[in-house]
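Any read-out appearing in this document is the output of simple, stated calculations on the displayed coordinates, not a laboratory observation. This one's a predicted model, so the numbers in the text were calculated from it and none came from an experiment. Glycine also receives a Cβ, built like all others from the backbone with ideal geometry; neighbour counts cover every protein chain displayed.
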Amino acid sequence: MSFFKELENIVIYTNSIRKLENYLSFDLVFPTTWSLLKSHVDETKTVFHKNDEKGKTVSFLAEINDESISETIKRIESVISYNKEKEEKQRLFNEKVSELKNLFEKESLDELKSLKFDIDETPKLEGTEESIS
């Protein structure tokens, strides 16, 4: 696989890639609202920098070998995926709240009392995981 293919999903957040002795440092800038969960990072190979107007800068270190670099990129992709899903869920939540507000403004009290929500399956609630930034 080409190096570009490896970086394709993370390049939009990439500020720089540096060589530090036997390591590559992937320096990324994420929106300040994003979280990094403990399960998404190896705390021994992650450096958190001061947040600024650009966003939340985080450096992910990988030993210079195929396995370590691929694993680091997968960790970065999991951070991106988690936060994009979280943003989409928030957008959807806001949309549904707006729909409910409109419904409550238009419908009578009696009709609202009979309002029911049918969900095919009970959603599986994920356990809350500790965020490290």
What is the helix-to-structure angle for 66-106, meaning the angle in degrees between its Cα long axis and the longest Cα principal axis of the chain, kept from 0 to 90 and rounded to the nearest 10? 20 degrees
If the cut-off is 16 Å between C-alpha atoms, which lysines fall inside it for LYS106, apart from same-chain ones fewer than 8 positions away? LYS96
Per-residue ellipticity at 222 nm attributable to helices in the chain (runs of n ≥ 4 DSSP H, -39500 (n - 2.57) apiece, nearest 500 deg cm²/dmol) works out to -13000 deg cm²/dmol
Who wins for biggest fluctuation among ASN94, ASN51, ASN102 in a Gaussian network model of the chain, springs between alpha carbons below 10 Å? ASN102
Taking the Cβ of each residue in LEU115, LEU7 as the centre, tally the other Cβ atoms inside 10 Å and list the residues starting with the fewest. LEU115, LEU7
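Given Cα pairs under 8 Å that are at least 6 residues apart, what percent is the relative contact order of the range 6-131?
Values: 120 pairs, mean separation 29.9, N = 126.
With pairs under 8 Å counted, the relative contact order is 24 percent.
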Within the range 81-106, the residues whose backbone N lies under 19 Å from a label point placed 7 Å from the Cα of SER35 along the Cα-to-Cβ direction are 81-94
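Which entries of LYS38/LYS74; LYS5/LYS50; LYS19/LYS84 show an alpha-carbon separation above 24 angstrom in the structure shown?
Details: LYS38/LYS74 14 Å; LYS5/LYS50 30 Å; LYS19/LYS84 29 Å.
Exceeds cut-off: LYS5/LYS50; LYS19/LYS84.
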What list do you get for LEU109, LEU36 if you sort them by fewest beta carbons within 10 Å? LEU109, LEU36
Amide H to amide H under 5 Å from ASN15: which residues, 5+ apart in sequence or cross-chain, H placed 1.01 Å off N in plane? ASP27, LEU28, VAL29
